[in-house]
Amino acid sequence: MNVDGKKYRTIWLAEDGGSVEIIDQTKFPYAFEIARLHTMEDAAHAIRVMQVRGAPLIGATAGYGVALAMRADPSDANLHAACSALLETRPTAVNLHWALDKARKSLIQVAPENRAAAAFTLANDICDEDIAINMSIGMHGMELIAAISRLKREGEPVNILTHCNAGWLATVDWGTATAPIYMSHDGGIPVHVWVDETRPRNQGAFLTAWELGHHGVPHTVIVDNAGGHLMQHGEVDIVITGTDRTTATGDVCNKIGTYLKALAAKDNNVPFYVALPSPTIDFSLSDGVSQIPIEERSGLEVSQMTGRTEAGAIETINIVADGSEVGNPAFDVTPARLVTGLITERGVLEPNRKSIADAFPERVKMS
Ligand code: MRU
């Protein structure tokens, strides 16, 4: 994507050929800063503290993390150790497992002296594939938006609600949920996006709003509890979210609060779509609620808020009564019955085992 006239991915091989650069997402929306990863530990740290986040980007960063580890020590032992360490960084996004599995299986077959080069090539390939997948998701999703637009009066925007950030910052480029939005906007279809702020980390207010603003897409940030009200009043034409892990049966795990949006959408006959690349499908799982591990994050994310004062200083303040317990589950699961369709690189699928398996037979065979 373009930022101030320059084209960026969210992660790339640095010019020295042996380190990796990322856009540091902990600085948003106040600063656009690049950070450098020199070691596997740097990559693991970047995932853990959410300098990079979003399922596809977590997978891509893990790919580069393995490459950095192989540059330092290409032994079998270090390949396994690096994969295990990176796997521990975050529990819910399955793209992490997908990327590490791919790296481990292919690199173990490469002679140690060639492993670092092969690992960097693999990481670059994961990134290129992510972009191609998201562009394809964008084309399929744009058809859904165009169909809604055709039912509207000339110039009237399609109102899309999204939750969290499934934008280009959550991927290598384009985003999953945002790819159809960017392509529609670029193609002249009027769109307007309701952006859930997405407490506690504010990925909507900090990241999605920043992205949409830079791309010139009309949008409005709303509190997380506003979506149901807007749907009751006909202000939402379609919901499109991303996902961090989707089961073989179409249950969708995504940022906490997504489930409530799906319930409200069902009650108001608003179509609820999930945009996902195939590496986000976990073919080993059949029940999302009982089987997907949900990350429990620090209570400080709930009890504190960080923002910029009018004078420009970044400050953190407490917003919870002293002594109260806080809980912070980071994701929830929307059962397949509440999902209208899954927008994948191979088309819009019904959220059920057959439709998903028919679209990705090679992945079913591997699982
Ligand atoms: O905790 P995060 O910011 O890594 O979570 C990301 C999400 O939950 C996003 O909503 C996204 O849809 C999944 S990645 C495209």
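State the extension gain, in nm to one decimal, for the chain segment bounded by SER284 and SER355, taking 0.36 nm per residue of separation less the distance between their alpha-carbons.
Here the segment from SER284 to SER355 would lengthen by 24.0 nm.
Using a 1.4 angstrom probe, figure out how much accessible area the range 257-344 has per residue, in square angstrom, rounded to the nearest whole.
Result: 50 Å² per residue.
For a Förster distance of 22 Å, can you work out the FRET efficiency between the beta-carbons of ALA146 and THR220, rounded to the nearest 0.05?
Efficiency at R0 = 22 Å is approximately 0.50.
Can you tell me, using C-alpha contacts under 8 Å and at least 6 residues apart, the relative contact order of the range 205-319 as a whole percent? Can you show the working numbers first?
Numbers: 120 pairs, mean separation 24.7, N = 115.
It rounds to 21 percent for the range 205-319.
DSSP H helices in the chain with Cα extent of 30 Å or more along the helix axis and mean Kyte-Doolittle hydropathy at least 0.0?
112-150
Per q in 0.16 1/Å, what log10 I(q)/I(0) does a Debye calculation on the alpha-carbon atoms of the range 175-233 return?
Debye curve over Cα of the range 175-233, log10 I(q)/I(0) at q = 0.16 Å⁻¹: -0.51.
Kindly report the accessible area of the range 100-241 per residue (heavy atoms of protein chains, probe 1.4 Å, no ligands, DNA or RNA), in Å².
Value returned for the range 100-241: 38 Å² of accessible area per residue.
For a bin width of 10 Å, list the pair-distance distribution of the range 194-292 built from all Cα-Cα distances, rounded to whole %.
All Cα pairs, binned at 10 Å, distribute as 15, 42, 35, 8, 0 percent.
Order THR220, THR241, most accessible first, counting only protein heavy atoms with a 1.4 angstrom probe.
THR220, THR241
Over all Cα pairs of the chain, how is the pair count split among 20 Å bins, expressed in % and running from 0 up to the last occupied bin?
The percentages, shortest bin first, are 30, 59, 11, 0.
When DSSP assigns beta bridges and you keep just the ones with both residues in the chain, what percent turn out antiparallel, to the nearest 5?
Close to 55 percent.
Quick one: how many Å² of ASP101 are accessible to a 1.4 Å probe, rounded to 10?
My reading of the accessible area for ASP101 is about 80 Å².
Roughly what would the spin-label model give for ASP4 and GLN232, points 7 Å off Cα along C-beta, in nm?
Output for this residue pair reads 4.4 nm.
Over the chain, what percent of the accessible surface lies on carbon and sulfur atoms, probe 1.4 Å? Don't skip to the end; give the middle numbers.
Details: 7940 of 15360 Å².
On the chain, the fraction of accessible area on carbon and sulfur atoms equals 52 percent.
If I take the Cα coordinates of the range 292-367 and project them onto the principal axes, what are the three extents in Å, biggest first?
Rounded to whole Å, the extents work out to 54, 31, 25 Å.
Just to make sure I understand: if all protein chains stay in place, what is the order of TYR64, TYR8, TYR259 by accessible area at 1.4 Å, largest first?
TYR259, TYR8, TYR64
What share of Cα pairs, in percent, lie more than 18 angstrom apart in the range 148-196? Before the final figure, lay out the partial values.
On the way: 359 of 1176 pairs.
Everything past 18 Å amounts to 31 percent.
Between ILE34 and VAL326, what is the label-to-label distance in nm when each label sits 7 Å out along the Cα-to-Cβ direction?
About 3.4 nm separates the two model spin labels.
Per q in 0.19, 0.20, 0.22, 0.24 Å⁻¹, report the Debye log10 I(q)/I(0) for the range 144-259, using one uniform scatterer on each alpha carbon and no solvent.
-1.00, -1.11, -1.31, -1.47
What is the count of Lys pairs in the chain whose alpha carbons sit under 24 Å apart, if the two are 8 or more places apart or on different chains?
Lysine pairs satisfying the spacing and distance rule in the chain number 10.
The values are calculated or read from the model by the stated rules, or taken from the named source; none is laboratory data. Treat the numbers as computed from the prediction; the structure is a model and nothing was measured. In this analysis, Cβ positions are derived from the backbone assuming ideal geometry, glycine residues included, and neighbour counts consider all displayed protein chains. Surface areas here come from the heavy atoms of the whole protein model, side chains and all, with no ligands, DNA or RNA. Shrake-Rupley method; radii C 1.70, N 1.55, O 1.52, S 1.80 Å.
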